[in-house]
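This report concerns only the one structure given below.
The values are calculated or read from the model by the stated rules, or taken from the named source; none is laboratory data. What you are looking at is a predicted structure, and each value in this text was computed from that prediction instead of being measured. Quick reminder, even Gly has a Cβ in these numbers, built from the backbone with ideal geometry, and neighbours come from all protein chains shown.
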Number of protein chains: 2
Amino acid sequence: MSGGESGEEPDGLVKYRRVRNGLVIVNTGEGKGKTTAALGVIFRAWGRDFRIRMFQFIKHTGARFGEHRAADRLGIPIDGLGDGFTWLSKDMDRTAALAVEQWERCKRTIAEGDEEIVVLDEFTYAMHYGWVEVGDVVDTLKRRPDTMHVIITGRYAPQELIDCADLVTEMKLIKHPYEEKGIRAQQGIEF
Amino acid sequence: MSGGESGEEPDGLVKYRRVRNGLVIVNTGEGKGKTTAALGVIFRAWGRDFRIRMFQFIKHTGARFGEHRAADRLGIPIDGLGDGFTWLSKDMDRTAALAVEQWERCKRTIAEGDEEIVVLDEFTYAMHYGWVEVGDVVDTLKRRPDTMHVIITGRYAPQELIDCADLVTEMKLIKHPYEEKGIRAQQGIEF
């Protein structure tokens, strides 16, 4: 990708100057903070009037976590499509089908190129479990506008994705309140 | 700390029921996403109408990063006090004095107990460089209301702080665009 600073849009739109080098950012690892750091970028970027869209995988489509409430109020679209997949899910075909459908939506949004930041939350699982081909993801990322940042979160980021990414952070669990004291996830902090 | 679920406030204020177990959360390590994940918690928590206050250390008092712009619009107080300390700072006494002053402010806010989430951003450096005593910090955290979450970010979190924390995550750098491609920090993503 070449730098996007030249702003060659005929109508001189500001959007093609603000993002200089669209990055592929991956937040992975077993620790906390992968989705949360993506939300932090959204918070920052909203403060700078970036056009942002978040797609959530896996989580229940109707989830009304803190981030959904905040995003609704701020007019940031969060598109969820999932059935709350866990190790106990009974209908894995359905889980997989939803992930594939969601990825097709993401591809359209990335190709359209209207967003400055696209977040694919918990998307690594779809690759890890083989529902979505990593090669297809890498191709899509490579063909995106060079002024678009894409943030992908989740454990088990495949090596091919890491190879294609610009910024990769592993969130490593050092200490967890559930393991230490039996304290469960809480509103406002973890969802 | 005992659980705060009982809501013993005479006037039945909701605030003492929402946070069940106030956590001390530490985001540390060399990687990206420490402050960003704290901002993500702020985003979530704002979506649930939590009372939030953020104190920033080190960063220039007048910084107008994406997070400041967003927080201003949303009415979330971010109190900065710092002179942009780097390894090249000439007046370390001033940097240290500002950190001590900022910590005194934090202590007052923590003791007052009105907030549900208090973020001490880049505060670890103040302890690491010996400007603020870790013992004083741990005492302050232990004496806080048990329904208050405190989030501390920055590299070099001292062991005594980690021992007292509930949730500790190390952000580990796997790949960085500056090192890989010479791409510098960008608006909306990193500030």
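Selection of the stretch B:18-56 for residues being touching a residue at least 40 places away in the same chain (Cβ under 8 Å), of a type in the set (D, E, K, R) and more than 14 Å from residue B:168 (Cβ to Cβ) yields B:18, B:20, B:30, B:32, B:51, B:53.
Among the residues of the stretch A:181-191, some residue qualifies, meaning at least one is within 11 Å of another protein chain (Cβ to nearest Cβ), closer than 21 Å to residue B:171 by Cβ, surrounded by fewer than 20 Cβ atoms within 10 Å (Cβ to Cβ) and touching a helix residue (DSSP H, G or I) at 6+ places or on another chain (Cβ under 7 Å).
Close contacts from the stretch A:155-171, counting a first residue that is farther than 19 Å from residue B:189 by Cα and a second that is of a type in the set (Lys, Arg), with Cβ to Cβ under 8 Å and a gap of 6+ residues or different chains, come to A:155/A:34.
Inspect all residues belonging to the stretch B:160-177 and state whether any of them is closer than 30 Å to residue A:20 by Cβ, surrounded by fewer than 19 Cβ atoms within 10 Å (Cβ to Cβ), out of contact with any strand residue (DSSP E or B) (no Cβ under 8 Å at 6 or more places or on another chain) and within 11 Å of another protein chain (Cβ to nearest Cβ).
No, the conditions are met nowhere in the stretch B:160-177.
Selection over the stretch B:139-159 of residues that are within 7 Å of chain A (Cβ to nearest Cβ) and more than 14 Å from the chain's Cα centre (by Cα) gives a count of 0. With respect to being at pLDDT 95 or above, closer than 20 Å to residue A:142 by Cα and within 13 Å of chain B (Cβ to nearest Cβ), residue A:104 falls outside the description.
Each row is one residue, and each column tells you yes or no for (1) without any contact (Cβ under 8 Å) to a residue 40 or more places away in the chain; (2) part of a loop (DSSP other than H, G, I, E, B); (3) more than 25 Å from residue A:40 (Cβ to Cβ).
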{"site": "A:76", "(1), (2), (3)": "yes, yes, no"}
{"site": "A:80", "(1), (2), (3)": "yes, no, no"}
{"site": "A:97", "(1), (2), (3)": "yes, no, yes"}
{"site": "A:107", "(1), (2), (3)": "yes, no, yes"}
{"site": "A:115", "(1), (2), (3)": "no, yes, no"}
{"site": "A:119", "(1), (2), (3)": "no, no, no"}
{"site": "A:137", "(1), (2), (3)": "yes, no, no"}
{"site": "A:144", "(1), (2), (3)": "no, yes, no"}
{"site": "A:152", "(1), (2), (3)": "no, no, no"}
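Tell me which residues, restricted to the stretch B:69-81, are surrounded by 13 or more Cβ atoms within 10 Å (Cβ to Cβ) and either over 19 Å from residue B:151 (Cα atoms) or over 14 Å from the mean Cα position of the chain (by Cα) (or both). B:69, B:70, B:71, B:72, B:74 - these are the residues of the stretch B:69-81 that are surrounded by 13 or more Cβ atoms within 10 Å (Cβ to Cβ) and either over 19 Å from residue B:151 (Cα atoms) or over 14 Å from the mean Cα position of the chain (by Cα) (or both). Annotation note: of B:121, B:114, B:136, the sole residue that is buried (at least 23 other Cβ atoms within 10 Å of the Cβ) and more than 9 Å from every other protein chain (Cβ to nearest Cβ) is B:121. Of all the numbered requirements in (1) buried (at least 18 other Cβ atoms within 10 Å of the Cβ); (2) touching a Gly at 6+ places or on another chain (Cβ under 8 Å), residue A:146 misses one, and that requirement is (1). For the stretch B:140-148, state whether one or more residues are under 17 Å from residue B:26 (Cα atoms) and among the hydrophobic types (A, V, I, L, M, F, W, C). Within the stretch B:140-148, one or more residues are under 17 Å from residue B:26 (Cα atoms) and among the hydrophobic types (A, V, I, L, M, F, W, C). Residues that are among the hydrophobic types (A, V, I, L, M, F, W, C), in contact with a strand residue (DSSP E or B) (Cβ under 8 Å, 6 or more places away or on another chain) and part of a helix (DSSP H, G or I) within the stretch B:15-57 comprise B:37, B:38, B:41, B:42, B:45, B:46, listed in sequence order.
Out of all the residues in the stretch B:82-95, which are without any contact (Cβ under 8 Å) to a residue 12 or more places away in the chain and assigned to a helix (DSSP H, G or I)?
Result: B:92, B:93, B:94.
Residue pairs whose Cβ atoms lie under 8 Å apart, sitting 6 or more positions apart in sequence or on different chains, and linking a residue in the stretch B:58-69 that is within 13 Å of chain A (Cβ to nearest Cβ) and part of a helix (DSSP H, G or I) to a partner that is loosely packed, with under 14 Cβ neighbours inside 10 Å and modelled with pLDDT under 95, do not occur here.
The residue list B:98, B:23 contains one member that is facing chain A (nearest Cβ under 7 Å), over 19 Å from residue B:191 (Cβ atoms), over 11 Å from the mean Cα position of the chain (by Cα) and of a type outside the set (Phe, Trp, Tyr), which is B:23.
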